[in-house]
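The values are calculated or read from the model by the stated rules, or taken from the named source; none is laboratory data. Bear in mind the structure is a predicted one, so any value in this text is a computation, not a measurement. Because the Cβ atoms are built from the backbone with ideal geometry, glycine has one as well, and the counts that use them run over all protein chains shown. To get the accessible areas, we keep the full protein, side chains included, count just its heavy atoms, and leave off ligands, DNA and RNA. Shrake-Rupley method; radii C 1.70, N 1.55, O 1.52, S 1.80 Å.
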Amino acid sequence: SGEILAMVGSKAFFATDYEGQVNVVLSKSQPGSAIKPVTYLTAFRKGFTPASVVMDVKTEFPSGIPGEPDYAPVNYDGKYHGPLQLRFALGSSINVPAVKILGMVGLKEMLQIGYDLGFTTLEPTAELMKRVGLSVTLGGGEVRLLDMVSAYSAFANGGKRVEPVAILRVTDREGKVLFEHKVVEGRRVASEQEAFLIDHILSDNNARLITFGENSLINIRGRSIAVKTGTTNDQRDNWTVGWTRDTVVGVWVGNNDNHPMKQVASGVSGAAPIWRRIFLELLKSRPDQQFSLPSGVEAHLVDTVSGWPEPDGFPAR
C-alpha cells in the first residue's frame with residue numbers, strides 16, 4: 001500500500017557525539033550492489049532470461065576519455081567464476097557480470113527504469129550519465145533509503161509502483177478531518193512477468209550459494225522473501241532490503257556524517273542482522289505468501305553451463 005509503518009532516521013536525535021539530527025532515510029548514500037535488481041530488470045525487458053549466460057572473467061572496459069584509465073571491476077570474493085547464468089550472477093551478487101549486462105542493455109535505459117521505479121536521484125540526465133558510467137550498477141550513483149524501499153515495493157506489487165505514504169489523516173481538536181489519504185491504484189512500471197523473475201531469483205537461496213552460503217542471515221527458511229544486500233568498497237554504506245508480497249523492509253548502516261566504518265565488513269554482516277530481526281517479528285503475525293507465477297512465464301529444464309533448453313544428455317537443472 002506504500003504506507004510507512006516505521007521510519008528510524010537516526011539512532012538518537014539529540015546526540016552530541018555525532019550528527020544526530022540527520023534523517024538517514026532521506027539522505028543520499030551509495031547503494032553498492034543493492035541497485036543491481038534495476039540492471040537485471042532492464043536485461044529481462046531487453047529479452048534476457050534468468051538462464052542467459054554471461055562470462056565472469058577479468059574484463060577491462062574502455063573509459064573513452066583520453067588520459068582516464070580503463071574500468072576494471074572486481075568481484076567481492078576476488079575470484080572469477082567463468083560462465084554464469086543471470087540467476088546466479090544476480091542471486092550471488094557477482095560484480096563483473098552486472099557491469100557487462102549494463103554495457104549490453106544501456107546506461108540510459110537502466111537509469112530510466114530506476115527513475116520510473118522511484119529512485120528520484122537516478123533521472124538519466126546528461127550530467128548524471130557522464131558522472132556515473134557503468135559503475136552505477138555497483139552503486140556509483142547515490143540514492144535514498146526511502147526511495148529504495150518504495151521502488152522495490154513495485155516487485156512485491158507485481159510491477160505496480162505506489163508512492164510512499166507517511167500520513168493517513170489529519171484532524172483538528174474537534175475531530176474535523178483536515179486531510180485524509182486516498183488509496184490510489186498503483187502505476188505500472190514493470191510487467192508482472194518481469195517483477196516475478198526478480199522476486200523468484202532474489203528469494204532463491206540456491207542462487208545465493210556462491211557468495212552467501214546456505215545459512216546466511218538473509219535466508220529465512222520456509223518463507224518466500226526476496227532479499228538484496230549492498231556494500232560500498234570504502235566501508236561507508238551497508239544495505240539490506242527485502243520484501244514479501246505485503247511488506248518491505250530496508251536497512252542502511254553507516255555513520256551519519258558519512259565517515260567510514262571500522263568494523264562492519266558487508267551488507268550481510270552489517271545491515272542484515274537488523275533486517276532479519278525486524279522481519280522475524282513481522283512474520284509472527286503473517287502467513288507465508290509465495291510469489292505467484294503469472295501467465296507468460298514458463299519453467300524449463302536447462303543445461304547447467306550454457307543455460308540452453310533441452311540439454312542432450314548433459315547435466316541439467
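So which of 138, 122, 145, 86 ends up being open to solvent by less than 10 Å² (accessible area, probe 1.4 Å), aliphatic (A, V, I, L, M) and over 14 Å from residue 44 (Cβ atoms)?
Working: 138 fails: open to solvent by less than 10 Å² (accessible area, probe 1.4 Å); 145 fails: open to solvent by less than 10 Å² (accessible area, probe 1.4 Å); 86 fails: over 14 Å from residue 44 (Cβ atoms).
Result: 122 is the single residue among 138, 122, 145, 86 that is open to solvent by less than 10 Å² (accessible area, probe 1.4 Å), aliphatic (A, V, I, L, M) and over 14 Å from residue 44 (Cβ atoms).
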Can you run down the residue pairs with Cβ atoms below 8 Å, 6 or more apart or on separate chains, where the first is in the stretch 175-201 and free of Cβ contacts under 8 Å to residues at least 24 places away in the same chain and closer than 21 Å to residue 165 by Cβ and the partner is part of a loop (DSSP other than H, G, I, E, B) and open to solvent by less than 70 Å² (accessible area, probe 1.4 Å)? 178/172; 184/162
Please list, ordered by first then second residue, the pairs with beta carbon atoms under 7 Å, 6 or more apart or interchain, first in the stretch 1-25 and in contact (Cβ under 8 Å) with a residue 40 or more places away in the chain and farther than 12 Å from residue 256 by Cβ, second open to solvent by less than 70 Å² (accessible area, probe 1.4 Å) and assigned to a loop (DSSP other than H, G, I, E, B). 1/162; 2/162; 2/164; 4/164; 7/25
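Quick one: how many residues across the stretch 2-34 are polar (S, T, N, Q), surrounded by 14 or more Cβ atoms within 10 Å (Cβ to Cβ) and assigned to a loop (DSSP other than H, G, I, E, B)?
So the first thing to find is which residues in the stretch 2-34 are polar (S, T, N, Q), and the list is 10, 16, 21, 23, 27, 29-30, 33.
After this cut, where a residue has to be surrounded by 14 or more Cβ atoms within 10 Å (Cβ to Cβ) as well, the list is 10, 23, 27, 29-30, 33.
Filter once more, so that each one left must be assigned to a loop (DSSP other than H, G, I, E, B): 10, 23, 27, 30.
Qualifying residue count for the region: 4.
Could you please give the count of residues in the stretch 35-60 that are in contact (Cβ under 8 Å) with a residue 24 or more places away in the chain and in a loop (DSSP other than H, G, I, E, B)?
Of the residues in the stretch 35-60, the ones in contact (Cβ under 8 Å) with a residue 24 or more places away in the chain are 35-46, 48-59.
Okay, now just the ones that are also in a loop (DSSP other than H, G, I, E, B), so 46, 48-52, 57-59.
Residues that pass the stated criteria total 9.
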Quick count over the stretch 268-294, residues being over 15 Å from residue 242 (Cβ atoms) and either without any contact (Cβ under 8 Å) to a residue 60 or more places away in the chain or surrounded by 16 or more Cβ atoms within 10 Å (Cβ to Cβ) (or both), is 4
Quick one: in the stretch 295-308, which of the residues that are open to solvent by less than 90 Å² (accessible area, probe 1.4 Å) and without any contact (Cβ under 8 Å) to a residue 40 or more places away in the chain is nearest to residue 201 (Cα to Cα)? 304
Listed residues 91, 139, 103, 175; which is over 15 Å from residue 36 (Cβ atoms) and not charged (D, E, K, R)? 175
